[in-house]
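Engineer: Structure in structure tokens, see below.
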């Protein structure tokens with residue numbers, strides 16, 4: 001019998017997120033894992049915090065439909081809570097110096 005470790009399951013979830021992101025995101029988008037999963041100190045039921053940065057001036061409702069919903073749906077399919085946040089590059093740069101920005105810059109893991 002093979003035992004599947006928690007680390008192996010986390011790696012599989014991460015691969016699923018990365019694959020989904022690569023299939024739906026524009027080529028110039030950045031997708032970053034942040035929070036406890038990026039630090040590798042998450043609990044088994046921790047969510048997957050994902051920052052999506054789009055190379056445009058302003059985010060609209062269609063962007064949320066195109067990029068947020070598919071990641072949520074993936075979470076439902078694999079029984080994981082995926083929490084995507086979408087920003088334009090311009091809006092993200094305006095957050096420079098904030099605790100959230102600093103956390104992502106220091107601990108974030110680029111997925112694509």
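Engineer: Name the helices (runs of 4 or more DSSP H) wholly inside region 17-112 in which the number of residues that are closer than 22 Å to residue 7 by Cα is 1 or more.
Structural biologist: Per the criteria, 36-39, 69-78, 99-107.
Engineer: Restrict the check to region 85-103 and report whether at least one residue is touching a strand residue (DSSP E or B) at 6+ places or on another chain (Cβ under 9 Å), surrounded by 17 or more Cβ atoms within 10 Å (Cβ to Cβ) and in contact (Cβ under 8 Å) with a residue 60 or more places away in the chain.
Structural biologist: no
Engineer: Take residue 8 and tell me if it is in contact with a strand residue (DSSP E or B) (Cβ under 7 Å, 6 or more places away or on another chain) and modelled with pLDDT under 95.
Structural biologist: Judged against the criteria, residue 8 is not a match.
The values are calculated or read from the model by the stated rules, or taken from the named source; none is laboratory data. Note that this is a predicted model, so its numbers are computed, not measured. Note that we place each Cβ from the backbone using ideal geometry, even for glycine, and neighbour counts take in every protein chain shown.
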